[in-house]
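The values are calculated or read from the model by the stated rules, or taken from the named source; none is laboratory data. Because the structure is predicted, anything quoted here is derived from the model rather than measured. Because the Cβ atoms are built from the backbone with ideal geometry, glycine has one as well, and the counts that use them run over all protein chains shown. Accessible surface areas use protein heavy atoms only, side chains included; no ligands, DNA or RNA. Shrake-Rupley method; radii C 1.70, N 1.55, O 1.52, S 1.80 Å.
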Amino acid sequence: MLYTLAGGGTLCGVAALVLLIVSTATDFWMQYRYSGASANQGLWRFCINHKCHAHTITVAFWDATRAFMLLSVLSCFAGVLLGLSAFGNGTKSRRVRTGGFALLLSGFLALLALAIYTGVTVNFFGKRFLDWRFSWSYIVAWVAIILSFAAGGFHLCAYQKNIAEPPPTNVQES
């Protein structure tokens, strides 16, 4: 049972890791109209009419969102590696448990990043731009959060099943 749950957790963790990286790196967290032109922004730069520029002002919410997303990616990576170690020689239940906690931490850090970004976007940019919406990078981050929490839950269930099950007995046939 350990391998089934840990395998599902690892699969969810890998998917969450890919989605977290894509979300953090892309420039489509928000789309809006700026002086009649289409514009979009991400955590690292903004684009107007497909010409992208680095954010010119340093705002604490961007720094906080970036930091929490990067920490989330690192934590998810660690959780996936620890989850993969369950498939090595013998069962390494402590690593599975630690991987589960790392994946839950990853989901929590990404949730914190999106809470900060959402709050500032709605309260600041929502009033500054009339025609705006969250875009696909932002939505991908929410999907990654769900997958990260699911992966952590699978790993912790795998750990619980492993410690609850008695070790298999070796019965030799004569």
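Only strands (runs of 3 or more DSSP E) whose full extent lies in the stretch 1-100 are considered here, and the ones with at least 2 residues that are more than 21 Å from Ile146 (Cβ to Cβ) and touching a residue at least 12 places away in the same chain (Cβ under 8 Å) are 30-34, 37-41, 45-48.
When Gly36 is tested against (1) surrounded by fewer than 14 Cβ atoms within 10 Å (Cβ to Cβ); (2) over 26 Å from Asn123 (Cα atoms), exactly one condition is not met: (2).
Is one or more of the residues making up the stretch 64-82 basic (Lys, Arg), modelled with pLDDT of 80 or more, surrounded by 14 or more Cβ atoms within 10 Å (Cβ to Cβ) and in contact with a helix residue (DSSP H, G or I) (Cβ under 6 Å, 6 or more places away or on another chain)?
For the stretch 64-82, residues basic (Lys, Arg), modelled with pLDDT of 80 or more, surrounded by 14 or more Cβ atoms within 10 Å (Cβ to Cβ) and in contact with a helix residue (DSSP H, G or I) (Cβ under 6 Å, 6 or more places away or on another chain): absent.
What are the residues in the stretch 10-25 that are at pLDDT 95 or above and not hydrophobic (A, V, I, L, M, F, W, C), if any? Gly13, Ser23, Thr24 - these are the residues of the stretch 10-25 that are at pLDDT 95 or above and not hydrophobic (A, V, I, L, M, F, W, C). Give the stretch 3-33 a look and list any residue that's among the aliphatic types (A, V, I, L, M), open to solvent by less than 10 Å² (accessible area, probe 1.4 Å) and closer than 26 Å to Ala102 by Cα, or say none. Result: Ala6, Ala16, Leu20.
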